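The structure appears right after this line, and notes come after that.
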Amino acid sequence: MKEQGEHHLREGQSLMARARLQSMLGEVASAEELARGALKEFWAAMNWLEGTPEFEVAHYRLDEAGRWIRQTFGCRLTREGMDYSRTCPADLAHIRAGMSPGMKNVIRECTVCGQDPRSPTCRHILGRTYPATRRVVGGRCNLCNAAACGHHDGERGDVYCSHWITSAEIDEISLVPRPAQPMARIYRVSVPTTELVATLGPRGWMPGMDVSCDRCLTACHGVREYDPSRTSEENWA
């Protein structure tokens, strides 16, 4: 997991460097796309590096990138008609919550060899990287983890060993602070329109108008783990 997290951290830093350069050159649209891509990489790095000293490095980089993006391009809540939600990685990465499914009749495939990881012929260790041949596992390329890419079957490359669940019957899904699958996170939190009306309405705001998000302009108070004993407002504030 650490190796995967370090990869995302490096990728995020590379994207931010390119974003800053593009911004200096006046390529605003390209710079914003690169920078927001960096946020996703830093969020992924935090998820894979949780429990390691490098977690706070990724956290710092995410906060730094989020502040620069807000100051440079501006940020808004996601709006679909009159429904609002928080979807920004710089925001949601601070809520350490994920999903843990209870499953039966599970079929897994190793991303390196495509076999059942429990098979005696699969000797790959979860979290390590191996030279391997490109294959599709769980509908995704095992070289780049993309559903559609330019890699072709038979191509050689380095493959991060993970176990893809290709078939299962789900009994239930629980919210947990630290999911077994690091990327099984919350990607959207709804924002009640009533709260927005109460806060912004007196200033002439009406449902259907965009809402600016200024979270990254305030000091970071650290991350917090999901706690089922708290109220929804306390967990998702």
| Given G139, G102, which one is out of contact with any Gly (no Cβ under 7 Å at 6 or more places or on another chain), of a type in the set (G, A, S) and more than 23 Å from G37 (Cα to Cα)? | G102
| task | Determine which single condition D158 fails, assuming it passes every other condition in (1) touching a Cys at 6+ places or on another chain (Cβ under 9 Å); (2) part of a strand (DSSP E or B). | result | (1)
| note | Matching residues in the range 142-180 (out of contact with any Gly (no Cβ under 9 Å at 6 or more places or on another chain), of a type outside the set (A, V, I, L, M, F, W, C), surrounded by fewer than 17 Cβ atoms within 10 Å (Cβ to Cβ) and under 19 Å from R108 (Cβ atoms)) number 2
| Restricting attention to the range 221-235, does a residue exist that is of a type outside the set (A, V, I, L, M) and either at positive phi or at pLDDT 90 or above (or both)? | yes
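I'm trying to understand the selection: among the residues of the range 183-214, which are under 14 Å from T78 (Cα atoms) and part of a helix (DSSP H, G or I)?
Restricting attention to the range 183-214, the residues satisfying the condition of being under 14 Å from T78 (Cα atoms) are 187-193, 196, 207-214.
Correct list: T193, L196.
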| task | Look at the range 112-140 and say how many of its residues are in contact with a Lys or Arg (Cβ under 8 Å, 6 or more places away or on another chain) and crowded, with 19+ Cβ neighbours inside 10 Å. | result | 2
| Is it the case that some residue within the range 23-36 is under 24 Å from A97 (Cβ atoms), in contact with a helix residue (DSSP H, G or I) (Cβ under 9 Å, 6 or more places away or on another chain), surrounded by fewer than 20 Cβ atoms within 10 Å (Cβ to Cβ) and modelled with pLDDT of 95 or more? | yes
| task | Check whether at least one residue in the range 29-36 is of a type outside the set (A, V, I, L, M, F, W, C) and touching a residue at least 24 places away in the same chain (Cβ under 8 Å), and report yes or no. | result | yes
| field | Lone unmet requirement of (1) out of contact with any Ser or Thr (no Cβ under 6 Å at 6 or more places or on another chain); (2) within 19 Å of A90 (Cα to Cα) for A198 | value | (2)
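Only one of these is under 20 Å from A44 (Cα atoms) and at pLDDT 85 or above: G98, G127. Name it.
Numbers: G127 fails: at pLDDT 85 or above.
Within the list G98, G127, the selection yields G98.
The values are calculated or read from the model by the stated rules, or taken from the named source; none is laboratory data. Predicted model, so just to flag it, every value in this text is computed and none were measured. Note: ideal-geometry Cβ built from the backbone for every residue, glycine included; neighbour counts use all protein chains shown.
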